[in-house]
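Single-structure report; data block below.
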Number of protein chains: 2
Amino acid sequence: MNDSLTYKDTGVDLDAADRAKRSLAPLLAASGDAHTLSGLGAFGGLYAVPAGMSQPVLVSSADGVGTKLKVAFASKRHDTVGRCLVNHCVNDILVQGARPLFFLDYLATGDLEEDVVSAVVGGVARACRENSCALLGGETAEMPDFYAAGEYDLAGFVVGVVERERILDGSAVRPGDILVGLRASGLHTNGYTLARTIVFERMGLGVDDDFPGEDASAGDVLLRVHRSYLPTVAPLLQQGWVSAMAHVTGGGMEGNLPRVLPDGLGARIDCRAWSVPNVFRQLAIGGGVPASEMYRVFNMGVGMILVVPPEREASVLGALGEDAWPLGEVVRGAGAELAGLG
Amino acid sequence: MNDSLTYKDTGVDLDAADRAKRSLAPLLAASGDAHTLSGLGAFGGLYAVPAGMSQPVLVSSADGVGTKLKVAFASKRHDTVGRCLVNHCVNDILVQGARPLFFLDYLATGDLEEDVVSAVVGGVARACRENSCALLGGETAEMPDFYAAGEYDLAGFVVGVVERERILDGSAVRPGDILVGLRASGLHTNGYTLARTIVFERMGLGVDDDFPGEDASAGDVLLRVHRSYLPTVAPLLQQGWVSAMAHVTGGGMEGNLPRVLPDGLGARIDCRAWSVPNVFRQLAIGGGVPASEMYRVFNMGVGMILVVPPEREASVLGALGEDAWPLGEVVRGAGAELAGLG
């Protein structure tokens with residue numbers, strides 16, 4: 001028998017896709033600004049280059065959420081991962097001195113569940129508003145037999161702008177510059193494959209179980225939203241007080257700080273300079289993970305590192321308050337040395 | 001027992017990821033231009049806004065490849081899907097009159113196989129060069145137990161630019177304007193969930209089997225690269241001969257043409273105006289798919305539709321040659337009516 005076949009028979013419902021996309025229109029509209037020249041339904045999103053800049057340089061970055069998504073699936077909580085995604089991307093261009101202009105998301109799923117799509121994109125839109133960034137468009141892809149039931153992948157892409165002469169390219173960094181660490185809100189979006197193995201297999205916790213040493217469930221602790229450092233750091237950049245910045249993502253401090261230092265300079269970090277948050281201590285114990293590995297996989301409580309000239313240290317720390325600590329300095333050499341580790 | 005756990009034990013190999021990323025550096029470098037101000041390893045890619053424009057407007061789009069990827073997996077051929085992705089995105093901003101500036105990709109996989117990553121990103125880089133577009137960066141994510149072994153998802157984001165006064169926003173479209181169809185190279189990147197069901201289940205073909213009516217295998221026919229219309233259409237845009245353009249993607253002509261027409265105007269398409277390519281005829285027969293559904297899911301051989309004032313029709317068709325046909329006109333009303341369908 002050879003029944004007549006339609007797209008819907010094979011699991012792709014164009015009408016449902018249309019409905020889901022239309023339901024996102026208010027989210028896009030609410031995040032727009034005077035530079036947003038297009039509405040939902042356009043093939044491409046339109047954004048006017050801000051006027052009045054001398055030599056505007058676009059700064060762009062793409063990222064995903066990684067397997068933090070698995071914690072969202074298990075927790076049936078889909079409104080936080082979009083915020084993690086946007087904030088991660090915003091931080092990635094902030095380290096070059098840029099402020100975000102617009103964002104686009106890519107959401108791929110096996111079966112388009114309208115309420116899940118709305119929650120995910122709602123999180124994206126909320127974070128865009130919080131970062132004064134337009135949600136200019138995106139793609140919602142329905143890919144049956146690609147993703148497991150109830151699962152999806154989420155990626156995003158940000159475009160920001162910076163004056164050419166204000167790009168943080170490491171050239172202003174000098175030996176003796178102070179490293180200032182900024183508090184992380186949690187694991188941010190890195191190390192989740194290891195963290196999930198430890199929490200859900202080794203420690204034997206479920207997402208709703210209490211996490212040791214915290215007044216919160218394992219799911220809540222692991223889903224804590226990746227912090228955007230834009231509101232904290234933008235005023236310092238405005239003042240010209242920062243020589244370089246590193247976003248502590250996959251690879252940890254050792255992997256990320258050297259990326260923003262010029263050739264011939266390295267970093268010396270004193271791991272006793274701040275108190276490692278409970279979640280990382282529990283992961284190290286629960287998984288028997290060596291300290292060197294912990295610092296390579298996780299941010300260990302420091303989500304962003306600013307490189308600051310010594311004469312600006314007091315002003316910067318004064319402006320940042322208790323969310324920041326001096327944790328080392330720039331030295332001649334290469335790489336990042338972690339002292340007092342473990 | 002509680003063995004000490006590392007990231008690599010859980011399936012994430014940071015060293016392999018570093019190696020894979022470094023192997024992509026030449027691909028990124030080769031696609032750059034004078035506006036590309038950053039190298040590999042930077043958190044964000046830097047791109048100088050082109051000088052000399054009066055009111056530059058950025059045009060951006062995000063897309064994926066959909067389940068065409070499944071055909072690539074089955075064929076073990078990974079060098080074409082990146083080209084489909086870039087060309088799709090380039091076409092999506094071309095319809096608003098924009099030329100591409102830069103591109104970023106997102107590649108997510110369960111297990112980072114260096115040769116597969118190189119082939120996929122190599123295809124992305126090649127298409128970027130072909131479209132005179134910089135591959136400014138991207139994200140390669142290793143997500144164990146998220147994607148099946150040997151599988152990956154691929155998404156991309158393009159940013160282009162257009163002078164504000166040259167944006168194709170539909171305002172120049174008039175009743176009586178001619179619709180000119182441009183030849184598609186194949187299915188492009190739409191309708192693959194239905195097409196795969198028909199070819200591999202209903203027709204019972206393998207990727208290496210001959211495709212009926214073609215001197216090519218089923219895999220070759222289904223993997224044909226999504227065509228970029230940039231080189232064909234850019235000279236016409238330069239002349240100001242085009243009032244609007246629609247990229248025929250998911251939803252077909254009916255779903256996409258109305259997106260670029262102003263309120264109060266619709267389209268009348270004569271489906272006898274061109275010869276539907278063999279692949280679509282075989283899919284209709286093999287799946288018993290009603291004609292109305294075929295035209296809603298697939299491009300049916302027309303990958304792009306230009307809206308052209310009648311007085312420009314001869315010039316446009318002369319410039320385009322045999323790859324283009326007049327296939328209808330703009331009428332008062334709404335939507336797109338397909339005449340002679342079936």
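Annotations
- Residues satisfying the stated conditions in region A:103-117, i.e. acidic (Asp, Glu) and within 23 Å of residue A:32 (Cα to Cα): A:105, A:114, A:115
- Residues satisfying the criterion are absent from region A:275-291 (criterion: open to solvent by less than 50 Å² (accessible area, probe 1.4 Å), more than 19 Å from residue A:199 (Cβ to Cβ) and at pLDDT 95 or above).
- Per this entry, residue A:54 is not counted among residues that are more than 13 Å from chain B (Cβ to nearest Cβ) and either more than 12 Å from the chain's Cα centre (by Cα) or within 16 Å of residue A:138 (Cα to Cα) (or both).
- Answer from A:281, A:296, A:312 - the residue that is part of a helix (DSSP H, G or I), away from every other protein chain (no Cβ under 14 Å) and under 20 Å from residue A:338 (Cα atoms): A:281
- Every residue from region B:293-322 that is out of contact with any helix residue (DSSP H, G or I) (no Cβ under 7 Å at 6 or more places or on another chain) and charged (D, E, K, R): B:293, B:311, B:312, B:313, B:322
- Against the conditions (1) at pLDDT 95 or above; (2) open to solvent by less than 20 Å² (accessible area, probe 1.4 Å); (3) more than 25 Å from residue A:312 (Cβ to Cβ); (4) part of a helix (DSSP H, G or I), residue A:200 satisfies every one except (2).
Conditions (1) within 13 Å of chain B (Cβ to nearest Cβ); (2) touching a Ser or Thr at 6+ places or on another chain (Cβ under 6 Å); (3) open to solvent by less than 10 Å² (accessible area, probe 1.4 Å), marked per residue:
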{"position": "A:98", "(1), (2), (3)": "yes, no, yes"}
{"position": "A:108", "(1), (2), (3)": "yes, no, yes"}
{"position": "A:131", "(1), (2), (3)": "no, yes, yes"}
{"position": "A:137", "(1), (2), (3)": "yes, no, no"}
{"position": "A:156", "(1), (2), (3)": "yes, no, yes"}
{"position": "A:162", "(1), (2), (3)": "yes, no, yes"}
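- Residue within region B:39-48 that is surrounded by 19 or more Cβ atoms within 10 Å (Cβ to Cβ) and modelled with pLDDT under 80 present: yes
Per-residue answers, yes or no, for (1) under 17 Å from residue B:31 (Cβ atoms); (2) of a type in the set (S, T, N, Q); (3) in contact with a Cys (Cβ under 7 Å, 6 or more places away or on another chain):
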{"site": "B:65", "(1), (2), (3)": "no, no, yes"}
{"site": "B:70", "(1), (2), (3)": "no, no, no"}
{"site": "B:89", "(1), (2), (3)": "yes, no, no"}
{"site": "B:100", "(1), (2), (3)": "yes, no, yes"}
{"site": "B:111", "(1), (2), (3)": "no, no, no"}
{"site": "B:139", "(1), (2), (3)": "yes, no, no"}
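- Test: residue in region B:163-178 that is aliphatic (A, V, I, L, M), in a strand (DSSP E or B) and within 30 Å of residue B:328 (Cα to Cα): yes
- Residue list for region A:142-154, restricted to those being open to solvent by 10 Å² or more (accessible area, probe 1.4 Å) and among the hydrophobic types (A, V, I, L, M, F, W, C): A:146, A:148, A:149
- Yes/no for residue A:181 being within 13 Å of chain B (Cβ to nearest Cβ) and either under 27 Å from residue A:269 (Cβ atoms) or small (Gly, Ala, Ser) (or both): no
- The one condition in (1) touching a helix residue (DSSP H, G or I) at 6+ places or on another chain (Cβ under 8 Å); (2) within 25 Å of residue A:43 (Cα to Cα); (3) open to solvent by less than 10 Å² (accessible area, probe 1.4 Å) that residue B:257 fails to fulfil: (1)
- Pairs are defined by a Cβ separation below 8 Å, a sequence spacing of at least 6 or placement on different chains, a first member in region A:300-325 that is farther than 14 Å from residue A:239 by Cα, and a second member that is open to solvent by 50 Å² or more (accessible area, probe 1.4 Å); the pairs so defined are A:301/A:183; A:301/A:275; A:302/A:183; A:303/A:183; A:323/A:183; A:324/A:183.
- Checked against the criterion of being surrounded by fewer than 22 Cβ atoms within 10 Å (Cβ to Cβ), in contact (Cβ under 8 Å) with a residue 60 or more places away in the chain, among the charged types (D, E, K, R) and within 28 Å of residue A:57 (Cβ to Cβ), region A:209-227 has no qualifying residue.
- Taking region B:326-342 as the range and being crowded, with 20+ Cβ neighbours inside 10 Å and more than 20 Å from residue B:292 (Cβ to Cβ) as the test, only B:330 passes.
Listed here are the residues, each with its yes/no results for (1) over 20 Å from the mean Cα position of the chain (by Cα); (2) closer than 27 Å to residue B:245 by Cα.
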{"residue": "A:3", "(1), (2)": "yes, no"}
{"residue": "A:9", "(1), (2)": "yes, no"}
{"residue": "A:42", "(1), (2)": "yes, yes"}
{"residue": "A:50", "(1), (2)": "yes, yes"}
{"residue": "A:70", "(1), (2)": "no, no"}
{"residue": "A:94", "(1), (2)": "no, no"}
{"residue": "A:98", "(1), (2)": "no, no"}
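- Annotation: of all residues in region B:1-32 being at the interface with another protein chain (Cβ under 7 Å from one of its Cβ atoms) and open to solvent by less than 50 Å² (accessible area, probe 1.4 Å), the one that is farthest from residue B:121 (Cα to Cα) is B:5.
- Residue in region B:296-305 that is more than 25 Å from the chain's Cα centre (by Cα) and open to solvent by 10 Å² or more (accessible area, probe 1.4 Å) present: no
The values are calculated or read from the model by the stated rules, or taken from the named source; none is laboratory data. Everything numeric here is computed off the predicted structure, so don't read it as measured data. Neighbour counts run over all protein chains shown; Cβ positions are idealised from the backbone, glycine included. Keep in mind that these areas ignore ligands, DNA and RNA; they rest on the heavy atoms of the full protein, side chains included. Shrake-Rupley method; radii C 1.70, N 1.55, O 1.52, S 1.80 Å.
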